[in-house]
Amino acid sequence: MGAPLRRLSPVRPLVVLAVDNEETRAAYAYGLAASGFDVTTSDEATAWHSRASGARPSIIVADVSGQQRDGWTPVRRFKGDPRMSDVPIVAVAAEMGAATRDRARREGCAAVCLNTCPPDVLASGLRAVLERVHDTRAAS
């Protein structure tokens, strides 16, 4: 189903990588781990959410391009869960049109990227989101 949920290091952000495509998931997991993230994976966000009782993620990467399901449902579940509602979500989508960007914003995603985004670019984007969230919380 997915990698065990555990935080390996307190200084490495924990990423939940809920991406349907196995090859993409593996490439992202490897690239993010090499870029300084702890990574736990699942083939879909709903499955990960149902078993999430331990470590709290720093950020969630959720595939919203589901062919068999509404990919936005897990995003809504995370945002509706008081334990997870403030965890930033980056949506991974098959296309980046205005409708996708608008939907991501409406659903509460911090960012959206193409599912063809290289792992190092995704890692940079996740760090930027985490910095933005940290700066916003520090200013409050």
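Quick notes
- Sorting the segments 25-32, 76-83 by their residues' average number of neighbouring beta-carbon atoms within 10 angstrom, most packed first, yields 25-32, 76-83.
- Extension gain for residue 81 to residue 26 (0.36 nm times residue separation, less C-alpha to C-alpha distance): 17.1 nm.
- Each principal axis of the Cα atoms in segment 64-140 has its own extent, and those three values, largest first, are 39, 30, 20 angstrom.
No lab work stands behind these numbers, since they all come straight from the coordinates. Not measured: the values here are computed from a predicted model. So basically every Cβ, Gly included, is an ideal-geometry build from the backbone, and we count neighbours across all protein chains shown.
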